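This report refers to the structure that appears directly beneath it.
The values are calculated or read from the model by the stated rules, or taken from the named source; none is laboratory data. Computed from a prediction, not measured in an experiment: that's the story for all the values here. We place every Cβ from the backbone using ideal geometry, glycine too, and count neighbours over all the protein chains shown. Areas reflect the complete protein model, heavy atoms only, side chains present, ligands, DNA and RNA absent. Shrake-Rupley method; radii C 1.70, N 1.55, O 1.52, S 1.80 Å.
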Amino acid sequence: MQKKVLLIEDDSFLGNLAAESIKEQGFELVQVTTAEEAKKSIEENKPDVIVLDLVLPGVSGYDFLAEIKKNDKTKAIPVII
């Protein structure tokens, strides 16, 4: 069973670069560009790890990280910044 990675990156060039690398390593990839999309994706896709950009539109990556670490359902998901 493939591990699932949620990539949160709003820059298309950096997102595509990271996505290719993640897929080449054999992981299943879910890619979003905003914190709002990420919240929905976490609930729907239950990722094994999150790769998080700190500069996101509308909300900072730090605030998003604090929010998911306060939630009992998501706090155990490892986050790579």
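If we keep just the residues of segment 61-81 that are part of a loop (DSSP other than H, G, I, E, B) and open to solvent by 40 Å² or more (accessible area, probe 1.4 Å), which is farthest from Asp10 (Cα to Cα)? Outline the logic, then answer.
Within segment 61-81, the first condition is being part of a loop (DSSP other than H, G, I, E, B), and the residues that meet it are 71-78, 81.
Adding the requirement that they be open to solvent by 40 Å² or more (accessible area, probe 1.4 Å) leaves 71-73, 75-76, 78, 81.
Numbers: Asn71: 23, Asp72: 26, Lys73: 25, Lys75: 23, Ala76: 24, Pro78: 20, Ile81: 14 Å.
Top of the filtered list is Asp72.
Test Lys23 against the stated conditions and say whether it is without any contact (Cβ under 8 Å) to a residue 12 or more places away in the chain and either in contact with a helix residue (DSSP H, G or I) (Cβ under 6 Å, 6 or more places away or on another chain) or basic (Lys, Arg) (or both). Steps first, please.
Details: without any contact (Cβ under 8 Å) to a residue 12 or more places away in the chain: yes; either in contact with a helix residue (DSSP H, G or I) (Cβ under 6 Å, 6 or more places away or on another chain) or basic (Lys, Arg) (or both): yes.
Against the criterion (without any contact (Cβ under 8 Å) to a residue 12 or more places away in the chain and either in contact with a helix residue (DSSP H, G or I) (Cβ under 6 Å, 6 or more places away or on another chain) or basic (Lys, Arg) (or both)), Lys23 qualifies.
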Would you please list the contacts, defined by Cβ atoms under 9 Å and residues six or more apart or on different chains, that run from a residue in segment 70-81 that is without any contact (Cβ under 8 Å) to a residue 40 or more places away in the chain to a residue that is open to solvent by 100 Å² or more (accessible area, probe 1.4 Å) and assigned to a loop (DSSP other than H, G, I, E, B)?
Ile77/Lys46
Could you say whether any residue in segment 44-66 is among the polar types (S, T, N, Q) and under 15 Å from Lys3 (Cβ atoms)?
yes
Taking segment 26-52 and keeping only residues that are touching a helix residue (DSSP H, G or I) at 6+ places or on another chain (Cβ under 9 Å) and not charged (D, E, K, R), one is left with Leu29, Val30, Gln31, Val32, Thr33, Ala35, Ala38, Ile42, Pro47, Ile50, Val51, Leu52
Answer yes or no: is there a residue in segment 38-59 that is more than 13 Å from the chain's Cα centre (by Cα), modelled with pLDDT under 95, surrounded by 12 or more Cβ atoms within 10 Å (Cβ to Cβ) and outside any strand (DSSP E or B).
yes
Restricting to segment 6-35, count the residues that are open to solvent by less than 70 Å² (accessible area, probe 1.4 Å) and assigned to a helix (DSSP H, G or I).
6
